[in-house]
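What follows is a short report on a single structure.
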Amino acid sequence: MMQWLKKERCRICSDERSVRYCLRHNKELGWKCCNSYRADGKCPDTCPYSPIKDVTNSLLPKIKSDSRTEFMDYLEHYLQSWIYLPVTDLNNQTPNELSLNETGKVALTDWLCGFSFPDSGILNLLNKKLNLKLEIQEEANPNIETLASSYFDAVISHDWDAVACFHIADFDCSADTISYYTKLLMNHPMLKKVRHVTIINSGFTQDLKQAFVFCELNGKENWTFIFVNNAGYWQFYQSIWGTLQDYYEQKTQFRQIAIAISNKDESAIFNLLDSVKNKYPLSADIQYYYGLYYGLVKRWDDAKSAFTGALALEPNWQEPMFQLAFIFMSQKDYTTAITHLEKLNLLNPENANIMNNIGVCYLGLEQTDKAQSAWEQALRLDPNSEIAKKNLEHLRNG
């Protein structure tokens with residue numbers, strides 16, 4: 001297991017999570033303590049986290065870091081010493097000395113502009129420490145760690161509407177849908193107790209289509225965000241009360257639930273769902289499986305709520321729509337059933353079975369002309385649909 005997935009504490013500060021072994025001090029360290037030591041450049045070269053002075057046109061040494069947050073923290077330490085060191089290109093004056101007057105600032109700014117900085121955060125730090133005005137281009141798309149930090153800022157302040165908006169920014173949501181998200185989030189047993197957050201690690205897939213941010217909550221709990229790249233913008237894909245392993249294991253867990261449902265093993269279904277419902281908050285799959293479970297035990301109102309929840313989380317998922325339509329049809333609430341069936345028809349206009357069920361609903365409402373039209377449409381889509389043929393024959397023959 002990667003060390004940063006464990007919960008052991010740093011052997012120096014006993015506060016932060018231990019993430020690596022320090023060859024310099026022969027102790028397990030957190031990344032903040034590591035940065036406080038390695039910023040002086042005296043770590044052994046055999047340590048993979050030891051800074052390496054770059055011989056190319058670079059102001060900063062090369063370092064390995066597990067997150068952007070760790071990298072920026074390292075720079076805070078490194079630049080604090082660097083600004084007081086004489087620079088050969090600047091007549092052996094220190095950056096701090098040059099920053100004390102306007103002429104020196106101009107010379108220092110011109111010199112710094114000759115370097116390439118891969119992260120705007122570096123320029124922010126230089127401006128802050130040297131009182132400069134280096135031009136910084138605003139990032140059109142916030143980086144994943146900024147998004148994660150902003151998310152938990154809203155969580156800690158219990159601004160649940162704002163938290164919900166992180167998840168539904170790309171949806172055209174109704175007030176009821178936003179309310180549903182908010183209710184799930186504010187009642188989550190971990191989120192409502194968050195007081196402190198530390199970013200431990202982050203990373204990207206090779207194709208840059210997905211990314212993750214791994215955090216520690218309250219100095220104890222694991223939390224992982226999965227992001228997807230949507231046309232160059234990072235969007236929340238999933239939140240997990242756990243690790244990356246939990247992200248990859250959920251398919252296996254959901255498969256076990258599906259098997260238990262197919263076997264009609266009510267006890268197994270309930271226990272499996274109970275074990276994952278908080279681990280994967282805002283999971284449409286879990287709400288859908290709850291709907292199937294409630295249907296199995298004939299708790300129809302709970303089933304409808306669960307399927308409606310699945311659709312709130314994944315608006316175009318056809319299976320919950322079909323289940324809702326089936327329940328309302330069985331309860332002879334044909335008007336509501338038609339609403340779901342018509343949404344299904346928009347998503348899947350070539351499905352004759354959907355049109356057949358629409359016809360059944362219209363017959364239940366005693367709107368025979370519309371029922372006939374629906375069944376005729378079903379037969380145009382599938383001339384071999386026996387059920388549509390029989391329904392049409394019964395209608396015509398009275």
Quiz item: Are any residues in region 22-36 touching a Phe, Trp or Tyr at 6+ places or on another chain (Cβ under 8 Å) and open to solvent by less than 10 Å² (accessible area, probe 1.4 Å), and if so, which ones?
Solution: 29, 35
Quiz item: When you go through 13, 43 one by one, which is the residue that is under 22 Å from residue 200 (Cβ atoms) and open to solvent by less than 30 Å² (accessible area, probe 1.4 Å)?
Solution: 43
Quiz prompt | Leading residue by the ranking (modelled with the lowest pLDDT) among those in region 215-243 that are open to solvent by 30 Å² or more (accessible area, probe 1.4 Å) and aliphatic (A, V, I, L, M) | solution = 231
Quiz item: Which of the residues spanning region 258-274 are touching a residue at least 12 places away in the same chain (Cβ under 8 Å) and under 20 Å from residue 188 (Cβ atoms)?
Solution: 270, 272, 273
Quiz item: For region 309-346, which residues satisfy the criterion of being open to solvent by 70 Å² or more (accessible area, probe 1.4 Å) and of a type in the set (A, V, I, L, M, F, W, C)?
Solution: 322, 326, 346
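Quick check on this structure: which one of 370, 332 is on the phi > 0 side of the Ramachandran plot and over 32 Å from the mean Cα position of the chain (by Cα)?
Details: 370 fails: on the phi > 0 side of the Ramachandran plot.
Every option except 332 fails the conditions.
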Self-check item: Subset of region 384-398 that is open to solvent by 100 Å² or more (accessible area, probe 1.4 Å) and part of a helix (DSSP H, G or I) - its residue that is farthest from residue 369 (Cα to Cα)
Solution: 386
Practice problem: Look at residue 266 and say whether it is among the acidic types (Asp, Glu) and at pLDDT 95 or above. | Solution: yes
Quiz item: Exactly one of (1) surrounded by fewer than 16 Cβ atoms within 10 Å (Cβ to Cβ); (2) more than 31 Å from the chain's Cα centre (by Cα); (3) polar (S, T, N, Q) is unmet by residue 109. Its number?
Solution: (1)
Quiz item: Yes or no: residue 350 at pLDDT 95 or above and either part of a helix (DSSP H, G or I) or open to solvent by 60 Å² or more (accessible area, probe 1.4 Å) (or both)?
Solution: no
Practice problem: Could you list, in sequence order, all residues of region 57-88 that are part of a loop (DSSP other than H, G, I, E, B), of a type in the set (A, V, I, L, M, F, W, C) and open to solvent by less than 40 Å² (accessible area, probe 1.4 Å)? | Solution: 59, 60, 63, 83
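The values are calculated or read from the model by the stated rules, or taken from the named source; none is laboratory data. Values in this document were obtained by computation on a predicted structure and should not be read as measured data. Backbone-built Cβ (ideal geometry, glycine too); neighbour counts: all protein chains shown. To get the accessible areas, we keep the full protein, side chains included, count just its heavy atoms, and leave off ligands, DNA and RNA. Shrake-Rupley method; radii C 1.70, N 1.55, O 1.52, S 1.80 Å.
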